[in-house]
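First the structure, in the form of structure tokens, and then the observations on it.
The values are calculated or read from the model by the stated rules, or taken from the named source; none is laboratory data. Here the structure is a predicted model, which means the values were calculated and not measured. Cβ placement follows ideal geometry from the backbone for every residue including glycine, while neighbour counts extend to all protein chains displayed.
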Amino acid sequence: MIYKLFHKKIEVLTVDFTPETNNFNKIIKITNADHIPIGLTKISGMNLTTALNFWWQSRLIPKNRKNLKKNILIDNILKDSNGFNLSDHYWIKPEKSDMTWEKGNYIQNSFNEDIGEYLISKKNNFQNMTSDSPDFFSNGEQDKRWVINKSIRTLLKYGKPPYYQQTFNEVLATEICRRLNIPHVSYSFIVKGRKNPLIYSSCPCFIDENTEYVPAGFIQYVLKKEDGISEYQHLLNCCKAIGIKNIDEIENRITEMNIVDYIIANTDRHYGNFGFIRNVNTLEWEGFAPIFDTGNAMFYDFPTSDLRKSTALMENVISKNFAQTQKKQIIKFATKEAYLNVDYSKLKGIDNFYRFILQKNPKVDNERASLLSKLLLERIENIQRLILFNNNVTKKFLSNINKNTEVIPFINKIALEKKKIEIKSKKDNLIINNYLKNLSPASPSELEILIKKDIDAIY
């Protein structure tokens, strides 16, 4: 069948499309190349038709979502929805259809909430439902649904057994971002029932009728990655290539995201759940998207017995974007100024906050809540240590102490180098003060031991 792909009100492509299989067979005509989804024309090894299918499938609900595979025929999802969603403003329609963006978009129009209810609980009769719902275009494996709450498009996400912890982790991340003044999507949690509780987080949609979310995963296709260029630098190069301004600010925002992810041990930060906001009308870039989707964190699926092994947990938390582990990622970027500007004192008592909200979760006992709160504090302390030890100012400070061959007590060498920094740079002095404070020596002799240990670690 002949379909047209639209970007809000702009006709983009005419295509041969099979709705029963959600497959683009052939591009017949390009009407407006500027509005083709970002990155699709540059994906290595894919022609535009293949890339279009790849992009379209990334927007669809995954087939392994609960209650979907056996009970819902995904090949019928376009019967009523036209592909409208609450992330971007792309949609399609049959060539002779009278559908318009004004009539169909979910930002301004109501939608069928029964589908989402069915996907979670099977409480409704699916046979009598329409597919006019953004829930068919909400990717990710975690159970979720869209509702309209007092005119606000609101995403409900449901926790997974055995601990149903993800929803509380979203609230924890919200509180951390609030205290550190980091742009974020605000989550709250709701628990219904105790024997078989329904535990979910709630957050508002962060786009509107004039803006859309573009994942970093598609921006990275804008340029071919050069040999020897890191994934991080490649992403920044792609941002520059498409006209994203204030790259320094983008770096700061990515740094903030990395800090939050480290603190909460988020294992699911990938190129699909961070990205950028674009004005859909002008195609101008408005900046980095607020932090969202932080549920798979704080060892949410670890048995309680494993939480007692705090040292091992610190070392091996995986990262999916810029390094293999979160520790390596923090060390890799420890020289970034934004890492050094965070006031971690604002997180005082965050362990008590986390323990308090976990007490609202009937699936988390007191031991688990206490262990998780302790781990949270340890990770906050550890990230400060990693940053302060691995930045260039500290390394130079330690190097100069090591090079000092004067026959004087070691503690005096520390004092002399510290005095030089005080005179030279207020900024560097603050870094070294924080570094020394983070060591928490009980005496001058203990400070000497700790400094020598760090020097040995470098050399």
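Does segment 216-228 contain any residue that is surrounded by fewer than 16 Cβ atoms within 10 Å (Cβ to Cβ) and touching a residue at least 24 places away in the same chain (Cβ under 8 Å)? Walk me through how you get there before you give the answer.
So the first thing to find is which residues in segment 216-228 are surrounded by fewer than 16 Cβ atoms within 10 Å (Cβ to Cβ), and the list is 224, 226-228.
This time we only want the ones that are touching a residue at least 24 places away in the same chain (Cβ under 8 Å), so: 224.
There is at least one residue in segment 216-228 that is surrounded by fewer than 16 Cβ atoms within 10 Å (Cβ to Cβ) and touching a residue at least 24 places away in the same chain (Cβ under 8 Å).
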- Item | Single residue of ARG153, ARG194 found to be of a type in the set (Lys, Arg), crowded, with 17+ Cβ neighbours inside 10 Å and out of contact with any Lys or Arg (no Cβ under 6 Å at 6 or more places or on another chain) | ARG153
- Note on the structure: For segment 36-66 the number of residues that are closer than 15 Å to VAL222 by Cα, touching a residue at least 60 places away in the same chain (Cβ under 8 Å) and either part of a loop (DSSP other than H, G, I, E, B) or under 20 Å from the mean Cα position of the chain (by Cα) (or both) is 6
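Looking for whichever is surrounded by fewer than 18 Cβ atoms within 10 Å (Cβ to Cβ), outside the structural domain of TRP101 (by TED's automatic domain parsing), closer than 23 Å to SER58 by Cβ and touching an Asp or Glu at 6+ places or on another chain (Cβ under 7 Å) here; the options are ASN273, ASN296, ASN279. Which one fits?
Details: ASN273 fails: surrounded by fewer than 18 Cβ atoms within 10 Å (Cβ to Cβ); ASN296 fails: surrounded by fewer than 18 Cβ atoms within 10 Å (Cβ to Cβ).
Going through ASN273, ASN296, ASN279 in turn, the sole match is ASN279.
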- Of the residues that make up segment 23-35, is at least one part of a loop (DSSP other than H, G, I, E, B), at pLDDT below 95 and not aliphatic (A, V, I, L, M)? no
- For ASP301, indicate whether it is in a loop (DSSP other than H, G, I, E, B), charged (D, E, K, R) and either modelled with pLDDT of 95 or more or within 19 Å of the chain's Cα centre (by Cα) (or both). yes
- Message: Regarding segment 390-413, can at least one residue be identified that is under 17 Å from ILE263 (Cβ atoms) and surrounded by 17 or more Cβ atoms within 10 Å (Cβ to Cβ)?
- Response: yes
- Message: Please go through segment 316-368 and give me each residue that is polar (S, T, N, Q), under 30 Å from ILE432 (Cα atoms) and part of a helix (DSSP H, G or I), ordered by number.
- Response: GLN326, GLN329, SER345, ASN352
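Would you mind stating whether ASN252 is under 30 Å from LYS348 (Cα atoms) and assigned by TED's automatic domain parsing to the domain that holds PHE353? Give the derivation first.
Values: under 30 Å from LYS348 (Cα atoms): yes; assigned by TED's automatic domain parsing to the domain that holds PHE353: yes.
Criteria met by ASN252.
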- Note on the structure: Per the list (1) closer than 28 Å to TRP91 by Cα; (2) part of a loop (DSSP other than H, G, I, E, B); (3) modelled with pLDDT of 95 or more, residue check on PHE276 breaks on (2)
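A quick yes/no check of all residues on (1) among the aliphatic types (A, V, I, L, M); (2) more than 30 Å from ILE199 (Cβ to Cβ):
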site: GLU367; (1), (2): no, no
site: LYS396; (1), (2): no, yes
site: ASN402; (1), (2): no, yes
site: LYS418; (1), (2): no, yes
site: ASN429; (1), (2): no, yes
site: PRO444; (1), (2): no, yes
site: ALA457; (1), (2): yes, yes
- Note on the structure: Counting only residues that are assigned to a loop (DSSP other than H, G, I, E, B) and over 17 Å from the mean Cα position of the chain (by Cα), segment 218-244 contains a total of 13
- Note on the structure: Per the list (1) in the same structural domain as GLN220 (by TED's automatic domain parsing); (2) surrounded by 14 or more Cβ atoms within 10 Å (Cβ to Cβ), residue check on GLU337 breaks on (2)
- Task: State all residues of segment 404-459 that are of a type in the set (Phe, Trp, Tyr) and farther than 15 Å from ARG385 by Cα; if no residue qualifies, say none.
- Result: PHE410, TYR459
- Of (1) among the polar types (S, T, N, Q); (2) over 30 Å from TYR164 (Cβ atoms); (3) without any contact (Cβ under 8 Å) to a residue 40 or more places away in the chain, SER399 fails just (3)
